[in-house]
Amino acid sequence: MKTNCGLPQETVRKIVERLTSLTADLYVLLTKTLRFHWNMEDPRFYFLHELLDGQYHQLLEEVDLVAERIRQLGKPVSASMQEFLKESRLKEVKSAMDGNKMLASLAESYEQLLKLLRADVELCDKLHDPATSDICVELLRKFEKRVWILRSHL
Ligand SMILES: [Fe+2]
């Protein structure tokens, strides 16, 4: 399939490189959120279990948005578990079952993503790709809110 979104190939290459890492980051975070949803031990269990269920479903939509942008740019999506682990800038860590530790660990992952997304917005703007920039800004807005929500429980 050939698509032509009007961007130079070198621009597409640079943007897809970032989006590939972002797809992997989001998939690793999605898996972490689901793991915490399952394994949490906390007096507020039901509430936090449901909170993370919502975040897991939001992340599924968000990773889909990023991966489909790669397709719109005409490239295939690297999407095996091995590739996700290789490409992700968020590393998988062992964690306690304690609710507060889990929420803090998720907040830290989102905070790391905020820094990466700001750099992505800068690159997209420099390369004149407002559509990808808009996706990154949307994620920034959502993740800043998610950090606020997570940290509000600590
Ligand atoms: Fe569940």
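A short reminder: the numbers here are calculations on the coordinates, not readings from a lab. Given the structure is predicted, the values throughout are model-derived calculations rather than measurements. Cβ coordinates were reconstructed from backbone atoms using ideal geometry, including for glycine residues, and neighbour counts include every protein chain displayed.
Placing a label point 7 Å from the Cα of Lys86 along the Cα-to-Cβ direction, the residues of the range 16-36 whose backbone N falls under 13 Å from that point are 21.
Between Val77 and Arg13, the simple label model (points 7 Å from Cα in the Cβ direction) yields a spacing of 2.4 nm. When the Gaussian network model of the chain links Cα atoms closer than 10 Å, the mean-square fluctuations of Phe143, Phe84, Phe45 top out at Phe45. In the chain, helical runs assigned H by DSSP with n ≥ 4 each contribute -39500 (n - 2.57); averaged across all residues and rounded to the nearest 500, the mean residue ellipticity at 222 nm is -26500 deg cm²/dmol. Each of Asp129, Asp42 was scored by other Cβ atoms within 10 Å of its Cβ. Arranged with the fewest first, they read Asp42, Asp129.
Tell me the relative contact order for the chain as a rounded percent, counting alpha carbon contacts under 8 Å between residues six or more apart. Computed over the chain, the figure is 29 percent. For Val66, neighbours were defined as the other residues whose beta-carbon sits under 11 Å from its Cβ, and their charges (Lys and Arg +1, Asp and Glu -1) total -4.
Seen against the Cα atoms of the chain and their longest principal axis, helix 9-39 is set at about 10 degrees. Shape analysis of the range 1-145 based on the Cα gyration tensor places the equivalent ellipsoid semi-axes at 31, 15, 12 Å, largest first.
If a paramagnetic tag sat 7 Å from the Cα of Ser95 along the Cα-Cβ line, which residues of the range 127-150 would have the backbone N under 19 Å from that point? Flagged as within label range: 142-150. Using a cut-off of 26 Å between Cα atoms, the listed pairs Lys32/Lys126; Lys75/Lys126; Lys2/Lys91 include Lys32/Lys126; Lys2/Lys91 as exceeding that distance. Return the whole-Å distance between the Cα centroid of the range 94-152 and the Cα centroid of the range 15-74. When both Cα centres are located, 11 Å separates them. Compared with the dominant Cα axis of the chain, that is its longest principal axis, helix 45-72 is turned about 10°.
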